[in-house]
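J.: First the structure, which I've put down as structure tokens, then a few questions once you've had a look.
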């Protein structure tokens, strides 16, 4: 009988899901103007971690635009994109 390393299985599943999300993200961004995005989706598009996105919600100065839906945060891509453009160096 073969033993299954649960941590390895979860790590493989996470890699597969990340690959799927990265492949599907461009399609999702086309729909983003009318849909709400998760922190993970915003992070993938901005090439930052989900935790980085969450930290930007709670900063005092220039927080990332978001909607608090009963403790679940969602984002609208046009608002995030505008926020990111305003924050770039050499404005």
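J.: Checking residue 61 against (1) over 17 Å from residue 21 (Cα atoms); (2) at pLDDT 90 or above: exactly one of these is not met. Which one?
T.: (2)
J.: Scan the stretch 71-81 for residues that are over 17 Å from residue 44 (Cα atoms) and either modelled with pLDDT of 90 or more or touching a strand residue (DSSP E or B) at 6+ places or on another chain (Cβ under 9 Å) (or both) and jot them down.
T.: 72
J.: Out of the stretch 44-58, which residues are surrounded by 17 or more Cβ atoms within 10 Å (Cβ to Cβ) and either over 24 Å from residue 14 (Cα atoms) or at pLDDT 90 or above (or both)?
T.: The answer is 53, 56.
The values are calculated or read from the model by the stated rules, or taken from the named source; none is laboratory data. What you are looking at is a predicted structure, and each value in this text was computed from that prediction instead of being measured. Every residue, glycine among them, receives a Cβ derived from its backbone with ideal geometry; neighbour counts consider all protein chains shown.
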